[in-house]
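Here's the structure, in structure tokens; my notes come after.
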Amino acid sequence: MSLLRVSIGALLLHVCPLLYAGTSPAPGHPFDGPVPPAQHDAAREDRAPLRLGILAYLGQETAEREWQSLRQHLEAALPQYELHVYYGDLDALRAQVSSGALDFVLTNPGQYVELEYSDGASRIATLEHGRLPAANIAVGAAVIVPRERTELQTLADLRGRILAATSPDAFGGFQTAWRELDELGIDPQRDLKSLHFTGFPMSEVIEALEEGRVDAGVIRACLLENLPDGLKRYRVLSGRYEPQLNCTISTRLYPNWPMAGLPQTPPGMARAMAIALLQMEGEKDGMSWAVPADYQIVRDTFRELQIGPYAHLHTTGLRRLVRDYWPYGMLALLGLLFWGLYTARSEYLVRTRTAALEQALREREAFEQRMRANQEQADHLARLSVLGELSSTLAHELSQPLAGIANYAQSLLRRLQAGRLTDAAVQEASENILTLSDSAAGILKRIKGFARKRPGSRESLELRRMVEETIQLFQGMQRVAPQIEVIDHLSAQRRVEIDALQIQQILMNFFKNAQDAMRALPIEQQRIQVTLNEDGRWVWLHVRDFGPGMDAQALEYLFEPFYTTKEDGLGLGLSICKGIAEAHGGQLLGRAAPEGPGMIFSLSLPLYEHDTKPGDLSD
Ligand code: ADP
């Protein structure tokens, strides 16, 4: 076993870097000292520095030995530059490139593609080895199993097996094989029993196989053919013989390591380096350089595997969405939350306001109902009140026809008792009784109409006559009454169409209020003035008293129901009179007398046309 290890190690060193291409870094291989600044250092020599970084897996010493011929060639071919060569693992090299400390980088195809993407590295030549057919088909891998494991023939047979490789970052040592597995739908992490990374050097993989710790191992193309007894002991899974290489491999072939310039590399220096490399003549199996190969196949592999520059593709899905878009997600969530709250609040407000509105409507309806009931009650009271006030008038009016009826009835009785009842007497008495009862029925009918606050039957009357009758009625009802003077400007026999009883009631109200207002005055000073006039469209009836009048504020409430200043008053008289006036198409007005004490109450009545609106008040 130890013999085998020694021989593999020696072989690996012999064929480096080819055999190490794409392997992952061994930790802790620093560069040989700090990288000098790019500026010209006049104190040392009059030569510009040329800073070259080289990927080294197995420490600086090994690398220095491997690249010695390159170094010597460059120093000879580029005497105008002071050559500084730095060796480092993948991480160290990446850091140096990013910090701009290098002019050139020589690394494996995988890292080159990454640096191309991240730092703008640009290849100027591709490494070639004398024993390999071409620079662009130099890197590949073989997945090997012990020959006796006959059940394992193809890469697809690796499902559920243990596979060994040097490192997940190794390009030739793992990623190239991974791509082939990926194409077969095998995810190494998921579909293998386990994936075992041995670390460097690659002989560790062979050792794991030897010891039976793993079922298969990934090694660099052509390594097996160079191992003593290698082909006797191992077989290549899905092996494909490549005549150009004279090796059997499991993967496709990739280009060799490139020498790449960086964005800050002076163009002249890049040109000089390219020429120097292309001029490097390799002996048999020695090192030489070709024009830059196409590394698209490497990019394709990275994209397929979603690693390197395409690693972000791997995280697509919920996790990446959450990582990249969580602020928007939060915003959207907040928006949704806000919207939800807003909707809930709006609905709540709508519900409460609708309920409040419905409640208000219910209250208003109830209020209106109460108002209607109150109004009906008030109207009823008012009518009773007016009837009460009219009762003495009624008594007076009805007493005459009743007395007449009684008189005729008694006369008929007496004649009957005396045996003097004639047909003619019965007829005369009956006719008179009928006339008198018609007259009483007429009075009652008008009262009924008034009590219902509806215009009773209208008749064409002489207003002056009606006024005089009302004055007689008013004065006849009381023992001591104010004097009433009538000033008549109406044209001769001016008639109006009115309900006499109702207009009489208005006049009676005016007279009664005037009398009440003047009670404090001695009876001889209590006087009322009635003025009648017309203005073409209206007949006006003004009633003036000489009482104390009313102040401006009281005047505002004059026609409002229940406004009264009297102890026994109802405050309904004027409001009812106003209703009557309006029902006649007229108007009722009250104002302080312009000159002297007292009030003037005015009633306007249309002359003939009931649809004409009342004009301005005029005396
Ligand atoms: P009432 O006579 O029952 O009080 P009215 O509606 O007839 O009801 O009158 C309302 C009020 O108007 C009276 O209480 C009184 O204060 C006032 N008023 C009416 N007429 C006069 C008037 N001629 N002079 C002074 N005040 C009056």
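The values are calculated or read from the model by the stated rules, or taken from the named source; none is laboratory data. Quick caveat, the model's predicted, so the values are computed rather than measured. Note that each Cβ is placed from the backbone with ideal geometry, even for glycine, and that neighbours are counted across all protein chains shown. Note: accessible area is taken over every heavy atom of the protein model, side chains too, but ligands, DNA and RNA are not part of it. Shrake-Rupley method; radii C 1.70, N 1.55, O 1.52, S 1.80 Å.
Per-structure values
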read-out: Condition check for Asp169: surrounded by fewer than 23 Cβ atoms within 10 Å (Cβ to Cβ) and at pLDDT below 90; value: yes
read-out: Cβ-Cβ under 6 Å pairs, at least 6 apart or on other chains, region 267-288 side over 15 Å from Leu83 (Cβ atoms), far side at pLDDT below 85 and surrounded by 11 or more Cβ atoms within 10 Å (Cβ to Cβ); value: Gly282/Gly130; Lys284/Gly130; Asp285/Gly130; Asp285/Arg131; Gly286/Gly130; Ser288/Gly282
read-out: Test set (1) away from the ligand (no atom under 13 Å from the Cβ); (2) farther than 20 Å from Leu572 by Cβ; (3) surrounded by 21 or more Cβ atoms within 10 Å (Cβ to Cβ) - Gln502 fails condition number; value: (2)
read-out: Condition met for Glu183 (of a type in the set (Asp, Glu) and open to solvent by less than 40 Å² (accessible area, probe 1.4 Å)); value: no
read-out: Index of the failed condition, Thr265 passing every other in (1) assigned to a loop (DSSP other than H, G, I, E, B); (2) open to solvent by 50 Å² or more (accessible area, probe 1.4 Å); (3) of a type in the set (Ser, Thr, Tyr); value: (2)
read-out: Among residues of region 505-550, those that are near the ligand (Cβ under 10 Å from one of its atoms) and in a loop (DSSP other than H, G, I, E, B), counted; value: 7
read-out: Qualifying residue in region 120-127 (condition: farther than 17 Å from Ala260 by Cβ, open to solvent by less than 30 Å² (accessible area, probe 1.4 Å) and not hydroxyl-bearing (Ser, Thr, Tyr)); value: no
read-out: Residue count, region 482-499 (criterion: at pLDDT below 85 and open to solvent by less than 30 Å² (accessible area, probe 1.4 Å)); value: 1
read-out: Extreme residue, surrounded by the fewest Cβ atoms within 10 Å (Cβ to Cβ), among residues of region 48-102 that are assigned to a loop (DSSP other than H, G, I, E, B) and of a type in the set (Gly, Ala, Ser); value: Ser99
read-out: Exclusive hit being among the aliphatic types (A, V, I, L, M), within 9 Å of the ligand (Cβ to nearest atom), open to solvent by 10 Å² or more (accessible area, probe 1.4 Å) and within 27 Å of Leu461 (Cα to Cα), set Leu574, Leu589, Leu570; value: Leu574
read-out: Qualifying residue in region 489-498 (condition: within 16 Å of the ligand (Cβ to nearest atom) and hydroxyl-bearing (Ser, Thr, Tyr)); value: no
read-out: Residue list for region 421-443, restricted to those being farther than 15 Å from Gln410 by Cα and hydroxyl-bearing (Ser, Thr, Tyr); value: Thr435, Ser437, Ser439
